[in-house]
Amino acid sequence: MRFMKLAAAAALVVAAVGGAQANDWSKVRIGTEGAYPPFNTLTADGQLVGFDIDIANALCAEMKVECEFITQDWDGMIPALQAGKFDAVIASMSITEERLQKVDFTNKYYNTPPAIAVPKDSALTGTTDAELDGVLLGAQSSTTHSNYAEEKLSSADLKLYPTPDEYKLDLVSGRLDAVIDDVVVLSEWLATEDGACCKILGTLTPDPVINGAGAGIAIRKGEDELKEMFNAAIKAIRENGTYQEIQAKYFDFDVYGG
């Protein structure tokens, strides 16, 4: 009996220590995709760069914690967060009601609208559902943009891709008529040699239910301390000018949005 009591006491101590370690935010593991320029992408030598990455580093510096980045395919991002592979997702993930059923989110750190891009010689003239009737439209799967296309542009024939790089290749080669994505992502690509084929057909009016309230940092449900740390840091870098410095590195407009 004495052994059992000692074992039980030891188990409680281990549990307490484990709980303390679980909530020790001196180091935060951040999941990101590394395939969504200019927000997050991998360089030729394997370095993560982009707006998301710079914002993440600024937030970690403000919170006085160490950042560790972990790349993850987009489709598995939320399951990996839930499984504990990382502590937060900073990967241009829109805050939507559907995702809020699975994870929690911080306040937004940017908000930009979706857009349609087409080849420069396209005969398409508008972005309404009727105007895109029968059009072969590409989008990255499991995104607010693919959801928007399914709900709002149902007359188009939607083709889904694991990453934006793949739909871009198909648009360039003529296997797609148009693509839908964030206007910043498309504009950045169109400004490169690879994107010289194409143009923005038009931006789309965001749907609050589908597109959400902007991009936020996804956190496991119940991690309220970490969520508030991030929210305080977002507020701080907006007020001390750090956000504006990072923004100016990538954009010539207010990416934070209204």
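Computed quantities for the displayed model
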{"quantity": "Count - residues of the stretch 240-258 that are within 16 Å of PRO113 (Cβ to Cβ), open to solvent by less than 70 Å² (accessible area, probe 1.4 Å) and of a type in the set (Gly, Ala, Ser)", "calculated": "1"}
{"quantity": "Residue satisfying all of: in the stretch 36-62; open to solvent by less than 30 Å² (accessible area, probe 1.4 Å) and part of a helix (DSSP H, G or I); farthest from LEU100 (Cα to Cα) among these", "calculated": "ALA58"}
{"quantity": "Residues of the stretch 171-226 classified as within 18 Å of ILE116 (Cβ to Cβ) and outside any loop (DSSP other than H, G, I, E, B), total", "calculated": "23"}
{"quantity": "Residue check for GLU33: open to solvent by 30 Å² or more (accessible area, probe 1.4 Å) and either modelled with pLDDT of 95 or more or at negative phi (or both)", "calculated": "no"}
{"quantity": "Number of the condition not met by ARG220 [criteria: (1) basic (Lys, Arg); (2) within 16 Å of ILE90 (Cα to Cα); (3) without any contact (Cβ under 8 Å) to a residue 60 or more places away in the chain]", "calculated": "(3)"}
{"quantity": "Any chance VAL255 is closer than 24 Å to VAL49 by Cβ and not aromatic (Phe, Trp, Tyr)", "calculated": "yes"}
{"quantity": "Residue selected from the stretch 171-197 under the condition aliphatic (A, V, I, L, M) and without any contact (Cβ under 8 Å) to a residue 24 or more places away in the chain, by the criterion least open to solvent (accessible area, probe 1.4 Å)", "calculated": "ALA196"}
{"quantity": "The stretch 198-239, residues that are open to solvent by 70 Å² or more (accessible area, probe 1.4 Å), among the β-branched types (Val, Ile, Thr) and within 15 Å of THR143 (Cα to Cα)", "calculated": "VAL209"}
{"quantity": "Sole residue being touching a strand residue (DSSP E or B) at 6+ places or on another chain (Cβ under 9 Å) and within 20 Å of GLY126 (Cα to Cα), chosen from LEU160, LEU226, LEU190", "calculated": "LEU190"}
{"quantity": "Qualifying residue in the stretch 104-116 (condition: closer than 24 Å to GLU245 by Cβ and basic (Lys, Arg))", "calculated": "yes"}
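Yes or no, residue by residue, for (1) of a type in the set (A, V, I, L, M); (2) within 15 Å of the chain's Cα centre (by Cα); (3) open to solvent by less than 20 Å² (accessible area, probe 1.4 Å):
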site: LEU81; (1), (2), (3): yes, yes, yes
site: GLY84; (1), (2), (3): no, no, no
site: THR127; (1), (2), (3): no, no, no
site: GLY138; (1), (2), (3): no, no, yes
site: SER146; (1), (2), (3): no, yes, yes
site: GLU150; (1), (2), (3): no, no, no
site: LEU158; (1), (2), (3): yes, no, no
site: GLU166; (1), (2), (3): no, no, no
site: LEU169; (1), (2), (3): yes, no, no
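The values are calculated or read from the model by the stated rules, or taken from the named source; none is laboratory data. This one's a predicted model, so the numbers in the text were calculated from it and none came from an experiment. FYI the Cβ positions are ideal-geometry reconstructions off the backbone, even for glycines, and counts take in every protein chain you see. SASA here: full protein model, heavy atoms, side chains in, ligands and nucleic acids out. Shrake-Rupley method; radii C 1.70, N 1.55, O 1.52, S 1.80 Å.
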